[in-house]
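These notes concern the structure reproduced below.
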Amino acid sequence: MKETSKVRKIAFVGDHLPRKCGIATFSSDLLAAVAAAHPQSQCFSVSVNDIKGGYEYPEVVRFEIEEQDLSSYLRAADFLNISNVDIVCLQHEFGIFGGPAGGHILALLRELRMPVVTTLHTVLKEPKADQRRVMQELISLSTKLVVMAERGRQMLLEIYQAPPAKIDLIPHGIPDVGFVDPTYFKDQFGVEGKVVLLTFGLLSPNKGIECVLHALPDIVAEFPDVVYIVLGATHPNELREHGEAYRLSLEILAKKNKIEKNVIFYNQFVDLENLTEFIGAADLYITPYLNEAQITSGTLAYAFGSGKAVVSTPYWHAAELLAEDRGVLAPFGDAQAMAREVIGLLRDDARRNAMRKSAYRIGRDMIWSNVARQYMRSFELSRLEGAPLSRKSVAIKTLDQKPRELPELKLSHLSRMTDSTGVFQHALFSIPTFSEG
């Protein structure tokens, strides 16, 4: 059902597809979901480029920021102000913005004349000094803060003393897919008759894939028809710095463990349609991440909301989402425990299917149309709360209140008048000459 709103123009600031990045995917999906639910509202993107020349963006990207160029953040603020934007929805992750701890984004926010709703994709438990400084100002400059897990809310309150009224808890959005038997999709990937384990996402060493490869020999010993699919291209940052070294090390490990016939590496950044089919084919989904400090996982949200039984390490988002037997947790880096939990679920069809049904039922609240509705509610409240601030921010000042603004100093004329001898003092003709100067 389409809804009406007084928020007419919304700018989503972060990054955007086709950049290969989890936040780019999230930003693109959120923008599309809000635009679909509120067609009377104009939605567009201001995207940050991490490579020279940027990307072949769709038309919805109206302005591009160069990650390390501070002046481009200020130009983006000017663009947003003159475009009469009602709400800026910022996707925040320290690593996608330039400056110390991604602090360049603050220069943009300080100049804005409209309310800002900031989605925090990372909340650090033990921030460094510059990270804390950036976060504290980000909290101050935002009208609303969105987190995707209760743990994030608690950390904002306890570690950063964020005002409770500023914080909205909105789950990570997911596509709306049917609850299907995995057998339905297996033949199109050539894994019919197999028990499919799946991990997907951009590949990098913190994903813990090697832990599953160490667990696999024990799993295969009991379930010889198991195949483990690792779906996703190597993360662009990893690729730029180390090439495919990590992926090759995983392939070497699989051969060493004699499980080559049980592992598929699918080295592509797949679109949403293919992704939902891969997830559909999975009997079990595995997130073996190595770092506890992950407050949000889009891959986990997608798989869980699609009705998958999940085995995961207990990073923050997983520990919260999979509590009360909605999934299974195994300790970080513990291959034996991982094998034990996977085998336990594969043996117990009743428990596995109960998990699937519970996950799918909870996932209905996470579909993008519901998430878009919650974001729009946050936008509406921010517009009302931010109106006095917006009016105040555009107030003009008399000369005695405003520092004198001098033009930028230019010395190009001195350069033209100078050679190895020094500066010419005068000339009889329009062009200085040695004989006259």
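The values are calculated or read from the model by the stated rules, or taken from the named source; none is laboratory data. A quick note: this is a predicted structure, and the numbers were derived from the prediction, not measured. Neighbour counts are summed over all protein chains in view; Cβ atoms, including those assigned to glycine, are modelled from backbone coordinates with ideal geometry. Ligands, DNA and RNA are stripped out before the accessible areas are found, and what is left, the full protein with its side chains, is counted by its heavy atoms. Shrake-Rupley method; radii C 1.70, N 1.55, O 1.52, S 1.80 Å.
Residues in the stretch 140-176 that are touching a residue at least 60 places away in the same chain (Cβ under 8 Å) and of a type in the set (Asp, Glu) were compared, and the one that is farthest from residue 93 (Cα to Cα) is 176.
Residue count for the stretch 72-94 under the criterion of being over 19 Å from residue 54 (Cα atoms) and without any contact (Cβ under 8 Å) to a residue 12 or more places away in the chain: the result is 1. Do we find a residue being in a helix (DSSP H, G or I) and among the hydroxyl-bearing types (Ser, Thr, Tyr) anywhere in the stretch 141-148? Checking the stretch 141-148: not a single residue is in a helix (DSSP H, G or I) and among the hydroxyl-bearing types (Ser, Thr, Tyr). Residue check: is residue 272 touching a helix residue (DSSP H, G or I) at 6+ places or on another chain (Cβ under 9 Å) and either modelled with pLDDT under 90 or of a type in the set (Val, Ile, Thr) (or both)? Judged against the criteria, residue 272 is a match. Picking from residues in the stretch 186-238 that are part of a helix (DSSP H, G or I) and of a type in the set (Lys, Arg), the one that is surrounded by the fewest Cβ atoms within 10 Å (Cβ to Cβ) is 186. Regarding residue 178, is this residue closer than 24 Å to residue 302 by Cβ and open to solvent by 40 Å² or more (accessible area, probe 1.4 Å)? So residue 178 passes the test. Of note, residue 46 does not satisfy the criterion of being more than 25 Å from residue 315 (Cβ to Cβ), outside any helix (DSSP H, G or I), in contact (Cβ under 8 Å) with a residue 60 or more places away in the chain and in contact with a strand residue (DSSP E or B) (Cβ under 6 Å, 6 or more places away or on another chain). Of all residues assigned to the stretch 122-137, none qualifies as being under 27 Å from residue 367 (Cα atoms), assigned to a strand (DSSP E or B), open to solvent by less than 40 Å² (accessible area, probe 1.4 Å) and not β-branched (Val, Ile, Thr). Tallying residues that are within 30 Å of residue 377 (Cα to Cα) and in a loop (DSSP other than H, G, I, E, B) within the stretch 171-185 yields 8.
When the stretch 321-372 is filtered for residues that are assigned to a loop (DSSP other than H, G, I, E, B) and either open to solvent by less than 60 Å² (accessible area, probe 1.4 Å) or farther than 24 Å from residue 292 by Cα (or both), the ones remaining, listed by number, are 322, 323, 326, 327, 330, 333, 334, 348. Selection of the stretch 1-47 for residues being surrounded by fewer than 19 Cβ atoms within 10 Å (Cβ to Cβ), at pLDDT 95 or above and among the small types (Gly, Ala, Ser) yields 32, 35, 36.
The residues of the stretch 305-315 that are more than 13 Å from residue 352 (Cβ to Cβ) and either open to solvent by 10 Å² or more (accessible area, probe 1.4 Å) or in contact with a strand residue (DSSP E or B) (Cβ under 6 Å, 6 or more places away or on another chain) (or both), listed by number, are 305, 306, 312, 314.
Determine, yes or no, whether residue 151 is part of a helix (DSSP H, G or I), under 24 Å from residue 374 (Cα atoms), touching an Asp or Glu at 6+ places or on another chain (Cβ under 9 Å) and open to solvent by 20 Å² or more (accessible area, probe 1.4 Å). Spelling it out, residue 151 is indeed part of a helix (DSSP H, G or I), under 24 Å from residue 374 (Cα atoms), touching an Asp or Glu at 6+ places or on another chain (Cβ under 9 Å) and open to solvent by 20 Å² or more (accessible area, probe 1.4 Å).
Scanning the stretch 67-84 for residues that are within 26 Å of residue 296 (Cβ to Cβ) and open to solvent by 10 Å² or more (accessible area, probe 1.4 Å) returns 67, 68.
Collect the residues in the stretch 300-320 that are more than 19 Å from residue 26 (Cβ to Cβ) and part of a helix (DSSP H, G or I), keeping them in residue-number order.
319 - this is the single residue of the stretch 300-320 that is more than 19 Å from residue 26 (Cβ to Cβ) and part of a helix (DSSP H, G or I).
Annotation: residue 50 fulfils all but one of (1) at pLDDT 95 or above; (2) over 21 Å from residue 146 (Cα atoms); (3) under 16 Å from the mean Cα position of the chain (by Cα); the unmet one is (1).
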